[in-house]
Amino acid sequence: MTILDKPSEPLSPQGVPGGIFACVFKNTPTIQLIIDLEHGKIVEANAAAEAFYGWPREKLQSMRIHDINTRASADIDALLKATHPSPGHTFQFHHRLASGEIKAVEVSITAMDGVGPPLCLSIIHDITNRKQAEDRILLCQRAMDASSNGLTIADAGQADMPFIYANPAFLKMTGYSLDEIKGHNCRFLQGSDRNQKEADQLREAIKQGKHCEVVLRNYRKDGTLFWNEVIVSPVRDASGQITHYIGSQKDVSERKKAEGDIEQLAYFDPLTALPNRRLFLDRLAMNVAFAQRTKTCGAVALIDLDHFKHLNEAEGHERGDQLLREVARRININLRPGDTGARLGGDEFVVLLTNLAADPVAAAQLARVIVEGLFEAICEPAILGGLTHQSAASIGVVIFPQEKDSPLGLLQQADTAMYRAKESGRNAICFFEPAMQATAQVRLTIERDLRLALERGELRMYLQPQVNRTAAIIGVEALMRWEHPHNGLVAPAAFIPVAEETGLIVAMGEWIFAQACILATQLAEKGSNIRIAVNVSPRQFRDPNFLGYISQTMKETGASPSLLVLEITEAVIFDNFAEAMVKMNQIKAMGIHLSLDDFGTGYSSLAYLQKLPFSEIKIDRSFITDAPNNAHDAALVEAILALARPNNLQVVAEGVETQQHVDFLKGHSCPIFQGYFYGRPMPRDEFIAMMQKQKLISSK
Ligand code: C2E
Ligand code: CA
Ligand code: CA
């Protein structure tokens, strides 16, 4: 029996509860225990305590507070001691229930003065739910603080929706302190860059109480720009009223830059930063549609640098790249606003001129003026790595709109015109005309067939005699023919330029050189010692393996170098004088003769060419043809012959067709003649027969 068993008993002088107090104690809904402060024994427990802990009163009365409180015994002892005789304290503990469950509790302890052992009254509140809520808030706070994304909370209750919270990541990202941003609307992050449609979008979403994601240009406290990916969501209270806006903010500048890089890579040429082929065709398609709609003309101008490959090979790619960048720069500064310059690849650039004029003729005239300006700018000398480089270009232009033009079709036509410009001598501008289309088609067919000609054995070596003043054969020029399966015998003019452009000329030139070597050996075996001249194209001459091939082939065929003549034109030398000189000296050192072909058609003076190891010059046919009747041509032929003699140069007159030619040339002491008058180019067997007839070789 304890004090609570005597409910009517009044409060004793020691303060031990009894009577009313006991009744209150027993029936109060708050959990209460009376504890002996000396040993921590539970002296009394009320009904609420029984219900809470899950033990009957009797059981509780056999327990110590230590059995309930989860703290270490020593801690509890110390607390009990401290409670005596001080008035009242509140603690937060964890109490264990009969079920084993642990509850967070707030305990108020009041010492009870009186006789007998010192006691205290513990009033216990179950704060588990409150504690959990508090912990949740604390966790949220910590999570927001720890988030690597910037987080902000704005107060929707105030007119200007000021920030009331920002996490450390946001402060770090923007460079502001919490005090500096608290109370301010987020718009200060935009600086003076207010004209952002994404910001309007965000404002509109907030007005409608909606979630919104945008990327804004924002500015840090130090004024630097960053791209801010902002996600703003409304926070509602229990009644659905928006009380706050929470903003998540992320610096996506790196990503933005990468996206920009990707765009740059996809649409721009990395070397020159000009639009690339893809972007150009895109813009062209747009402009063609525009031109058709508005009935105004535009133009496409394709620019191909002359001799660029040579610069690249001879001076290195670094130099080549420098030149391409410089050309790109010049194109850019010489364009009208709104026009597009692009690089198609290699040394090919293209320009789109828009909105030129309604009338195609007027448009073409304006296009010519602009393109000529570009052309002059490109041809201005450029300093590359301390050396002056003079560029030249060939430009093909096409005017649109036409009946049915596609961007690719226009580019193709500009390309055709560009080739025509190249053919007409480099350094030229040419406008596309429909007639060129057919030529371009033929050219394409030739290129395709020519690739097969070599492997199918369709090439032929024709031979044209060269004679002395007594008409005796002293030499022969090897000339190429193509026996096309459908078109018959094709003359070099129809295929050599294509072969040169495509590079096929290298293999073809090697083939005819080998044929010439074989012939030289065969003729020598038959007792002849006439010389055999072979033409060498500029491309073939530049080929790094050229000399290697020559010496190898002479070795394999046993041909004597002294019986071989290589004919080269000025174009070979013009490309790169120094390099040509080195190669030519090597050829001379091998014992092979060098002949300057087509002399008179180029620009160089004989004095200039004399620095090179030529042993012979061939006067171009165009001078011989008219010499007997044209004083100017006659004077030129005379001058060449007069100059050559003291310099120990052989001279061959080409295109000798008539007795008149022969007389004129003999009158000026020309030593060697070549032309239809003495013999047309003929197949090998015919030539051999001619030699036999002249008793130059045995008939065996
Ligand atoms: P080329 O080197 O000046 O050759 C002389 C050209 O003049 C030959 O034309 C020849 O047939 C022509 N010809 C010779 N005598 C007369 C004449 O009395 N009257 C007229 N009207 N023409 C005459 P072909 O064979 O058509 O060759 C044209 C050009 O093609 C050559 O001019 C040469 O530059 C080039 N070529 C020919 N074969 C080869 C070759 O094997 N390799 C290289 N790289 N080029 C070649
Ligand atoms: Ca020749
Ligand atoms: Ca010639």
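Modelled label positions at residue 208 and residue 392, each set 7 Å beyond Cα in the direction of Cβ, lie 6.6 nm from each other.
For region 382-498, taking the reciprocal of the average inverse distance between every pair of different Cα atoms yields a Kirkwood hydrodynamic radius of 17.8 Å. Once the C-beta distance of residue 639 and residue 220 is scaled by a Förster radius of 60 Å, the resulting FRET efficiency is 0.15 to the nearest 0.05.
Among 489, 121, what is the fewest-to-most ranking by other Cβ atoms within 10 Å?
On the way: 489 11, 121 18.
Lowest to highest Cβ neighbour count: 489, 121.
For region 478-493, 3J(HN,Hα) computed residue by residue from phi via the Karplus equation (6.51, -1.76, 1.60; θ = phi - 60°) reads 7, 10, 8, 9, 10, 8, 6, x, 10, 8, x, 6, 9, 7, x, 4 Hz, glycine and proline entered as x.
Counting Lys and Arg as +1 and Asp and Glu as -1 over every other residue whose Cβ lies under 12 Å from the Cβ of residue 137, the net charge comes to +2. Quick one: angle between helix 73-83 and the longest Cα principal axis of the chain, in degrees between 0 and 90, rounded to 10, please. The helix 73-83 is inclined about 50 degrees to the chain. Centre-to-centre separation between the Cα atoms of region 518-541 and those of region 559-609: 16 Å. May I ask for the angle, rounded to the nearest 10°, between helix 546-557 and the longest principal axis of the chain, with both axes built from Cα atoms and the value confined to 0 to 90°? Helix 546-557 sits at roughly 50 degrees to that axis. The simple spin-label model puts a point 7 Å past each Cα toward its Cβ; for residue 694 and residue 98 those points are separated by 13.7 nm.
Of the beta bridges in the chain, as assigned by DSSP with both residues counted there, near 80 percent are antiparallel. Taking the centroid of alpha carbons for each part, region 162-229 and region 630-700 are 91 Å apart. Between residue 616 and 594, 596, 650, the built amide H atoms are under 5 Å apart, and every one of these is 5 or more places off in sequence or on another chain. Using 0.36 nm per residue and subtracting the Cα-Cα separation, the extra length available between residue 629 and residue 458 on full extension is 57.5 nm. Note on region 235-249 and region 377-439: Cα centroid distance 65 Å, given to the nearest whole angstrom.
Calculate, in whole percent, how much of the Cα-Cα pair population of region 147-256 lies beyond 20 Å. Intermediate results must be reported in sequence, preceding the final value.
Details: 2086 of 5995 pairs.
Of all Cα-Cα distances in region 147-256, 35 percent exceed 20 Å.
Between residue 243 and residue 277, the modelled label-to-label distance comes to 6.4 nm, taking each label 7 Å out from Cα in the direction of the beta carbon. Sorting the segments 658-664, 99-105 by their mean number of nearby beta carbons within 10 angstrom, highest to lowest, gives 658-664, 99-105.
Taking the Cβ-Cβ separation of residue 134 and residue 262 as r and a Förster radius of 35 Å, what is the calculated FRET efficiency to the nearest 0.05? Could you put the intermediate results ahead of the total?
On the way: r = 49 Å, r/R0 = 1.39.
The formula returns an efficiency of 0.10 here.
Given their separation in residues at 0.36 nm each and the Cα-Cα distance between them, residue 179 and residue 368 gain 61.5 nm when the chain is fully extended. Assuming R0 = 30 Å, what is the FRET efficiency of residue 89 and residue 59, from their Cβ-Cβ distance, to the nearest 0.05? After rounding to 0.05, the efficiency reads 0.70.
Relative to the longest principal axis of the chain, what angle (0 to 90°, nearest 10) does the C-alpha long axis of helix 253-267 take? For 253-267 against the chain, the angle is about 20 degrees.
In the chain, the DSSP-assigned H stretches of four residues or longer account for a calculated mean residue ellipticity at 222 nm of -13000 deg cm²/dmol, using -39500 (n - 2.57) per stretch and the full residue count as denominator. Residues within the reach of a label modelled at residue 358 (point 7 angstrom out along Cα to beta-carbon, backbone nitrogen below 18 Å), restricted to region 275-293, are 290-293. Considering Cα pairs under 8 angstrom that are at least six residues apart, work out the relative contact order of region 194-318 and quote it in whole percent. Over region 194-318, the number comes to 12 percent.
Here are some pairs, 197/257; 41/131; 221/250; 295/404; 172/250; which of them have Cα atoms lying more than 18 Å apart in this structure?
Values: 197/257 20 Å; 41/131 28 Å; 221/250 16 Å; 295/404 14 Å; 172/250 11 Å.
Checking Cα-Cα distances, 197/257; 41/131 exceed 18 Å.
In whole percent, what relative contact order does the chain give with Cα contacts below 8 Å and a gap of six or more residues? Mind showing how you got there, number by number?
On the way: 1206 pairs, mean separation 42.0, N = 700.
Across the chain, relative contact order equals 6 percent.
Listed peptides 213-220, 197-204 appear in the order 213-220, 197-204 once ranked by packing, highest mean of other Cβ atoms within 10 Å at the front.
For the pair residue 158 and residue 290 in one chain, pulling the backbone fully straight at 0.36 nm per residue adds 42.3 nm over the alpha carbon distance.
Can you give the Rg to Rh ratio for the chain, taking only C-alpha atoms and Rh from Kirkwood? Walk me through the numbers on the way to the answer.
Details: Rg = 51.2 Å, Rh = 35.9 Å.
The Rg/Rh ratio comes out at 1.43.
No lab work stands behind these numbers, since they all come straight from the coordinates. Quick caveat: nothing in here was measured; it's all calculated off a predicted structure. Note: ideal-geometry Cβ built from the backbone for every residue, glycine included; neighbour counts use all protein chains shown.
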